[in-house]
1. Among Ile66, Ile121, Ile59, which comes first, second and so on when ranked by fewest other beta-carbon atoms within 10 Å?
2. Taking R0 as 22 Å, what's the FRET efficiency between Leu68 and Asp201 from their Cβ-Cβ distance, rounded to 0.05?
3. Just add up the charged neighbours of Val142: K/R +1, D/E -1, any other residue whose Cβ is under 11 Å from the Cβ of Val142.
4. Once whole DSSP H runs in the chain are found, which of them have Cα atoms spread over 30 Å or more along the helix axis and a mean Kyte-Doolittle score of at least 1.0?
5. Ranked highest first by the average count of other Cβ atoms within 10 Å around their residues, in what order do 10-23, 193-206 fall?
6. Rounding to the nearest 20 debye, state how big the charge dipole of the range 13-219 is about its Cα centre with +1 on each Lys and Arg Cβ and -1 on each Asp and Glu Cβ.
7. Quote the FRET efficiency, to the nearest 0.05, computed for Asn36 versus Thr77 with a Förster distance R0 of 25 Å and r equal to the Cβ-Cβ distance.
8. Tell me the Kirkwood radius of the range 13-219: reciprocal of the mean inverse pair distance over distinct alpha-carbon atoms, in Å.
Amino acid sequence: MAAFPTLGKANPLIVVDAAHGGSDPGVKAGSEVEKNWNLRFAQALGKALEDLGFEVVQIRKKDETIPLEKRAQAANTVQASAVLVIHADCEWTGSRSGPMIVVEPPNQSAESSGIPRWGVITPYQYRLSMKLGRDIAQALGVGTELSTLSDGRGLAGEPNSATARIFCLPHQSLRYLVPPAVVLTPLFLSRGPDVRKYSADEAVAEFAARVARGVANYLQY
Ligand SMILES: [Zn+2]
């Protein structure tokens, strides 16, 4: 059973947040619109997590506009064991591909003041989020090192490589979250092979099943 605090719940609770939505489409590449892809992956991920016995809270269930503060508030108040925020990405060369996992760096001011407060990433929380990211990367079969494109703060001595898929970077979707959290980017909409692959529901379901397995490993569930 779970070796992680579940706060009285029968099963660990995971928050899944399909980024953007409604009046905020996210990135676009040709006819592909990020908000739709995020929702599709979030729904598959929710199902995969439920299949493993987790409780799941979806922040966005349809094409609606939800402000960042509301998302963070919802994720923080349910006392989740982990938060997974789904974004798709896009870049002009079309050469970058998913998956990509983003972890928010620790906030230095919290360390110096010693007062953890809402909106501050403590070193402890950073380490939990990094562990979550690594367990997901491992389940996806990609490198668990940090990308050399990462923000260097708080990372002295950690192994990194140019092909790694974990990025330690400030991200607007993560900075107000209290539970361990990562941004998960399954694909780049600017990359044809990514889009073609994940146009099949089976490919999305398989990706979701691997991520869910990574979350289960992280929680030793
Ligand atoms: Zn996005």
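1. On the way: Ile66 17, Ile121 25, Ile59 21.
The order, fewest Cβ neighbours first, is Ile66, Ile59, Ile121.
2. Working: r = 29 Å, r/R0 = 1.32.
Here the calculated transfer efficiency is 0.15.
3. Numbers: positive: Arg134, Arg165, Arg210; negative: Glu145.
Combined, the nearby Lys, Arg, Asp and Glu give +2.
4. Values: long enough: none.
Membrane-span-like by this rule: not one helix.
5. Details: 10-23: 21.5, 193-206: 14.6.
Highest mean packing first, the order is 10-23, 193-206.
6. Details: 22 positive and 22 negative charges, 14 e Å.
Computed about the Cα centre, the dipole is about 60 debye.
7. Details: r = 27 Å, r/R0 = 1.09.
Efficiency for this residue pair is about 0.35.
8. Values: mean 1/r = 0.0588 Å⁻¹.
Roughly 17.0 Å, rounded to one decimal.
Since every read-out is calculated from the coordinates, none of them should be taken as a lab result. The shown structure was predicted, so the numbers you read here are calculated from the model rather than taken from an experiment. Positions of Cβ are backbone-derived with ideal geometry, glycine not excepted, and every protein chain shown enters the neighbour counts.
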